[in-house]
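Enquirer: Submitted below is the structure of interest, expressed as structure tokens.
The values are calculated or read from the model by the stated rules, or taken from the named source; none is laboratory data. As the structure is a computational prediction, the values presented were derived from the model and not from experiment. Because the Cβ atoms are built from the backbone with ideal geometry, glycine has one as well, and the counts that use them run over all protein chains shown. To get the accessible areas, we keep the full protein, side chains included, count just its heavy atoms, and leave off ligands, DNA and RNA. Shrake-Rupley method; radii C 1.70, N 1.55, O 1.52, S 1.80 Å.
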Amino acid sequence: MSWPLSPELLAPLAPWFERVRRDLAWRARDLDAPHPDPYAVLVSELMLQQTQVATVVPYFDRWLARFPDAATLAEADDDAVLKAWEGLGYYRRARFLKAAAASVAAEGWPGDLGGLARLPGLGPYTAAAVGAIAFQWPTPALDGNAFRVLARLLLIEGDPKAPAADLRTWLVPALQALGPSRLTQALMELGATVCAPIPACGTCPLADRCAARLNGRTGDIPPVAKRAKPKASALWLVAFEAQGQFLLLTPAAKGLLAGLWRWPTFDAADQTPATDPGPITAWPGWTQVYTHRREAVSPLHIPVEAPFTPVEGLRWVPRAELQGLPLGKRDQRLRDLLGTPGQSPLEAPDPADLVRACAAPSP
Ligand code: SF4
């Protein structure tokens, strides 16, 4: 690759970052020294995966107050950890963070990039980011934002991840010259705030040397990846209540939703409409958007006379315990609606059918 030398090309990022850097709780003041609290860097990097800075800020503060160090987190109860993560989404990150903290508490911090990458939940990007920001290692951390900036700066045609190994090698001298923590965070900041998908080249410190800008190519570099259309579904999300207890799905041990309690759901296309909704309460529905699917959610409260014996995987939970359980975003929303005024639904599934689907067959 005949790219210009990285220290010269990226040099304007250092003074620019000094000027614009936000004062974030996980950012060290001194960007030339190792971070005083690598655990804080680890927490912030895992929280920032897939989540915006503004959302992370209050979660980070509460998390550090509750779990101030790796040992405290390692010993915390799983439910308490997921509860503290509630609302951030992608709950696997919380479980990984706890497992990584357990490893650090037991064995100390790894001494190299390979060791960091072996911590649970740290892919190559997060391991490199923690290496650079926490320990000042010249480990190039390339996420989607950084790939976009470098693709434009160097006029890389096609998928900028294709030359990822070359880009990492190219970046190392700049990390050494400008400071690993400083340059890593400056690149992240530039990609997040200036060289966004629609770039603000007028305020960019690299505008005078950016090959995409000089060639009028900022609109098509990097090419926009085509996304598969998310699958659409419609479901009833149901809070059955009997004598002060609610019926919930117990948490799965594995998978994306491991550790989270959920309300039972019923595919709207499969249900027979109720002729008389009786005491059912409904609230306005919403669309829940996930990476690969969209759910049209219709929340219902269905009172039943007495708790029935549920099928395996469902459990009656006393009302007083409901607030303390970790729920995903969709399910929190129904919990928050309970006790607020709803209305009798114009359309609802037959509650007897839903109860039959949840009740264990009589012996
Ligand atoms: S000049 Fe524009 S396209 Fe180039 S790096 Fe800066 S913001 Fe991105």
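Enquirer: Please tell me if residue 237 is more than 30 Å from residue 148 (Cβ to Cβ), surrounded by 15 or more Cβ atoms within 10 Å (Cβ to Cβ), away from the ligand (no atom under 16 Å from the Cβ) and modelled with pLDDT under 95.
Expert: No.
Enquirer: Being under 30 Å from residue 349 (Cα atoms) and either in contact with a Gly (Cβ under 8 Å, 6 or more places away or on another chain) or away from the ligand (no atom under 16 Å from the Cβ) (or both) is true for just one of 230, 173. Which residue is that?
Expert: Answer to the check: 230.
Enquirer: Now for a different question. If you scan region 173-222, which residues turn out to be part of a helix (DSSP H, G or I), surrounded by fewer than 20 Cβ atoms within 10 Å (Cβ to Cβ) and modelled with pLDDT of 95 or more?
Expert: Correct list: 173, 176, 177, 201, 202, 203, 207, 208, 209, 211, 214.
Enquirer: OK, next. Report, by residue number, each residue of region 267-286 that is among the small types (Gly, Ala, Ser) and exposed (fewer than 10 other Cβ atoms within 10 Å of the Cβ).
Expert: Once the filter is applied, which keeps residues that are among the small types (Gly, Ala, Ser) and exposed (fewer than 10 other Cβ atoms within 10 Å of the Cβ), region 267-286 yields only 269.
Enquirer: Criterion first (within 21 Å of the chain's Cα centre (by Cα), under 26 Å from residue 210 (Cβ atoms) and either of a type in the set (Asp, Glu) or crowded, with 17+ Cβ neighbours inside 10 Å (or both)) does residue 48 satisfy it?
Expert: Yes: the conditions hold for residue 48.
Enquirer: Among the helices (runs of 4 or more DSSP H) lying completely within region 86-162, list those that include at least 2 residues that are within 16 Å of the ligand (Cβ to nearest atom) and either assigned by TED's automatic domain parsing to the domain that holds residue 179 or under 30 Å from residue 216 (Cα atoms) (or both).
Expert: Here the list reads 144-154.
Enquirer: So which of 167, 190 ends up being over 24 Å from residue 112 (Cβ atoms), in the same structural domain as residue 29 (by TED's automatic domain parsing) and within 15 Å of the ligand (Cβ to nearest atom)?
Expert: On inspection, the qualifying residue turns out to be 190.
Enquirer: Still on this model: Being closer than 30 Å to residue 29 by Cβ and either more than 10 Å from the ligand (Cβ to nearest atom) or of a type outside the set (Asp, Glu) (or both), is that true of even one residue in region 212-226?
Expert: Looking through region 212-226, none of the residues is closer than 30 Å to residue 29 by Cβ and either more than 10 Å from the ligand (Cβ to nearest atom) or of a type outside the set (Asp, Glu) (or both).
Enquirer: Taking residue 95 as meeting all but one of (1) at pLDDT below 95; (2) open to solvent by less than 40 Å² (accessible area, probe 1.4 Å), write down the number of the exception.
Expert: (2)
Enquirer: Which is free of Cβ contacts under 8 Å to residues at least 12 places away in the same chain and either within 24 Å of the chain's Cα centre (by Cα) or open to solvent by 10 Å² or more (accessible area, probe 1.4 Å) (or both), of 158, 89, 123, 131?
Expert: 123
Enquirer: Among the candidates 61, 23, which residue alone is under 20 Å from residue 181 (Cα atoms) and surrounded by fewer than 14 Cβ atoms within 10 Å (Cβ to Cβ)?
Expert: 23
Enquirer: I'd like to check something: does region 296-318 contain any residue that is within 26 Å of residue 80 (Cα to Cα) and of a type in the set (Ser, Thr, Tyr)?
Expert: No; the residues of region 296-318 include none that is within 26 Å of residue 80 (Cα to Cα) and of a type in the set (Ser, Thr, Tyr).
Enquirer: For region 223-254, how many residues meet the condition of being in a strand (DSSP E or B) and farther than 30 Å from residue 82 by Cβ?
Expert: Number satisfying all stated conditions: 0.
Enquirer: Could we say that residue 264 is surrounded by 11 or more Cβ atoms within 10 Å (Cβ to Cβ) and either within 16 Å of the ligand (Cβ to nearest atom) or modelled with pLDDT under 95 (or both) here?
Expert: The answer is no for residue 264.
Enquirer: Sticking with this one: Restricting attention to region 240-261, which residues are touching a residue at least 24 places away in the same chain (Cβ under 8 Å), open to solvent by less than 60 Å² (accessible area, probe 1.4 Å) and on the phi > 0 side of the Ramachandran plot?
Expert: Result: 244, 259.
Enquirer: Turning to a different aspect of this structure: Of these, 254, 226, 329, which one is charged (D, E, K, R), in contact with an Asp or Glu (Cβ under 9 Å, 6 or more places away or on another chain) and outside the structural domain of residue 157 (by TED's automatic domain parsing)?
Expert: On inspection, the qualifying residue turns out to be 329.
Enquirer: Residue 257 - would you say it is more than 16 Å from the ligand (Cβ to nearest atom), under 24 Å from residue 86 (Cβ atoms) and touching a helix residue (DSSP H, G or I) at 6+ places or on another chain (Cβ under 7 Å)?
Expert: No; evaluated as a whole, the condition is false for this residue.
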